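A.B. asks: Just dropping this structure here.
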Amino acid sequence: MSETGTEAPHDRTQVPRTHVIVFANEKGGTGKSTTAVHVAIGLASKGARVACIDLDHRQRTLGRYLDNRAATVTRAAIDLVVPVHATGDGRADGVFPSLYRDFTDGYDFLVIDTPGRDDPAARIAAALADTLVTPMNDSFVDFDLIGQVDPETYKVVRPSFYSELIWDARKARAREDGTTIDWVVLRNRLQYLEARNMRRVSEALDQLARRVGFRIIPGLGERVIYRELFPKGLTLLDAKEFGGMGLSHVAARQELREMMAALALPDVGATQAA
Ligand SMILES: Nc1ncnc2c1ncn2[C@@H]1O[C@H](COP(=O)(O)OP(=O)(O)OP(=O)(O)O)[C@@H](O)[C@H]1O
Ligand SMILES: [Mg+2]
């Protein structure tokens, strides 16, 4: 029951076993959908029961990615895991509550992708997360959403509105069921050529992490392959489909594995045995 005494459509206490992973950043184009699809397929290929909700009903990148994957299975007659998925309708009180209920019943993981803008359902989704992943590029433009820095010293002056929004989501969640949301800032599209900028962003992130309490993990490198896989709905984890892999693909798979490990999600066996 919610604090108001009405039925809570998102009452998590009834669905303790589905681990909810939400990809969220109101800044567009930071790699939410690309990382979400890789995480969903990575978990499913390890045998987890995975469901996905795409709350970006306009772009529907995650949904279309998985549709393309299902079409590849039919067209090429190959066996690929395709997580079940559905799309929101842009409203908090539209289809989302029932999708959330259905997809936290009998699944180990629910992966929710959200739009790169303020969205009512995405706000609710953030508060429902067990793991909240905010991908950001190594840029002070992206950083500005979560924290503001001094223009001379690059030291953090204050958290920005998005950190405050997540802070509020965490408070709401702690009140509701005493759970802590694991907020993870994922440094995405890393380009090691830009060492000075990387170091500055890194220092600012460390300061802000201590202040507002998120973890920082490495994400995907900047690689053309991540842009090319979409039409077939493949990921770098679909080893067989790649035949002989070049060195850069091997490195990319390794960074994917490291990203998955750093997310520190529950073991598939553990969620199924619970
Ligand atoms: N690691 C990467 N290397 C190269 N290109 C990438 C990488 N990650 C994402 N991209 C590309 O960057 C663009 C934005 O990625 P994506 O759609 O995943 O971001 P998003 O945060 O979901 O965007 P939006 O806020 O618009 O939903 C896409 O063209 C995608 O192919
Ligand atoms: Mg997206």
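What follows is calculated from the coordinates using simple rules that are stated; it is not laboratory data. What you are looking at is a predicted structure, and each value in this text was computed from that prediction instead of being measured. Note that we place each Cβ from the backbone using ideal geometry, even for glycine, and neighbour counts take in every protein chain shown.
A.B. asks: Compute the normalised compactness of the chain: alpha-carbon radius of gyration over 2.2 N^0.38 Å, N being the residue count.
C.D. replies: Against the compact-globule rule of thumb, the ratio is 1.00.
A.B. asks: Residue by residue through region 209-218, which ³J(HN,Hα) values in whole Hz follow from phi under the Karplus form 6.51 cos²θ - 1.76 cosθ + 1.60 (θ = phi - 60°), with glycine and proline marked x?
C.D. replies: 4, 5, 6, 9, x, 10, 9, 10, 10, x
A.B. asks: Of the peptides 63-70, 151-158, 208-215, how do they stack up when ordered by the mean number of other Cβ atoms within 10 Å, highest first? Don't skip to the end; give the middle numbers.
C.D. replies: Numbers: 63-70: 19.2, 151-158: 12.0, 208-215: 16.5.
By packing density, highest mean first, the sequence is 63-70, 208-215, 151-158.
A.B. asks: Could you work out the local net charge near residue 160, counting Lys and Arg as +1, Asp and Glu as -1, over the other residues with Cβ closer than 15 Å to its Cβ? Walk me through the intermediate numbers first.
C.D. replies: Values: positive: 27, 155, 158, 211; negative: 26, 118, 142, 144, 150, 164, 168.
Once positives and negatives cancel, what remains is -3.
A.B. asks: Please list, short to long, the whole-number percent of alpha-carbon pairs of region 56-208 in consecutive 10 angstrom bins beginning at zero.
C.D. replies: Bins of 10 Å from zero give 9, 30, 32, 21, 7, 1 percent of pairs.
A.B. asks: Near the amide H of residue 87, under 5 Å away, which other amide H atoms are found, from residues 5 or more places off or on another chain, if H is placed in the peptide plane?
C.D. replies: 54
A.B. asks: Search the structure for amide H atoms under 5 Å from the amide H of residue 183, placed 1.01 Å from N in the peptide plane, and list their residues when 5 or more places away or on another chain.
C.D. replies: Placed amide hydrogens put 132, 215 under 5 Å from residue 183.
A.B. asks: What translational D, rounded to a whole number of µm²/s, comes out for region 76-132 from Stokes-Einstein when the hydrodynamic radius is the Kirkwood one over Cα pairs, at 20 °C and 1.002 mPa s?
C.D. replies: 168 µm²/s
A.B. asks: Something else now. Past the 13 angstrom mark, what percentage of all C-alpha to C-alpha distances in region 139-204 do you count?
C.D. replies: 69 percent
A.B. asks: What ³J(HN,Hα) values, in whole Hz, does the Karplus curve 6.51 cos²θ - 1.76 cosθ + 1.60 give for region 124-138 when θ = phi - 60°, with x put for Gly and Pro?
C.D. replies: So the J values, rounded to whole Hz, are 5, 4, 4, 6, 8, 6, 8, 10, 10, 9, 10, x, 9, 7, 6.
A.B. asks: Follow-up. Give the total of Lys-Lys pairs in the chain with Cα-Cα distances below 30 Å; include a pair only if its members are 8 or more places apart or on different chains.
C.D. replies: For the chain, qualifying lysine pairs total 12.
A.B. asks: Quick one: work out the % antiparallel among DSSP beta bridges in the chain, nearest 5. Mind showing how you got there, number by number?
C.D. replies: On the way: 3 of 32 bridges.
Here the share of antiparallel DSSP bridges comes out near 10 percent.
A.B. asks: While we're looking at this one, here's another question. Got the relative contact order for region 74-125 handy, in percent, Cα pairs under 8 Å and 6 or more residues apart?
C.D. replies: Computed over region 74-125, the figure is 37 percent.
A.B. asks: Starting at the first residue of region 99-108, write each ³J(HN,Hα) from the Karplus equation 6.51 cos²θ - 1.76 cosθ + 1.60 with θ = phi - 60°, in whole Hz, x for Gly and Pro.
C.D. replies: The phi angles translate into 4, 4, 4, 5, 8, 10, 10, x, 10, 7 Hz.
A.B. asks: Mean shadow of region 125-274, computed from the convex hull of its alpha carbons, in nm²?
C.D. replies: Mean projected area of the Cα convex hull: 11.3 nm².
A.B. asks: For region 20-105, what is Rg from Cα atoms divided by 2.2 N^0.38 Å, rounded to two decimals?
C.D. replies: 1.10
A.B. asks: Give me the extension gain from residue 98 to residue 168: residue separation times 0.36 nm, minus the current Cα-Cα distance, reported in nm with one decimal.
C.D. replies: On the way: separation 70, 0.36 × 70 = 25.20 nm, distance 2.38 nm.
22.8 nm is the gain from fully extending residue 98 to residue 168.
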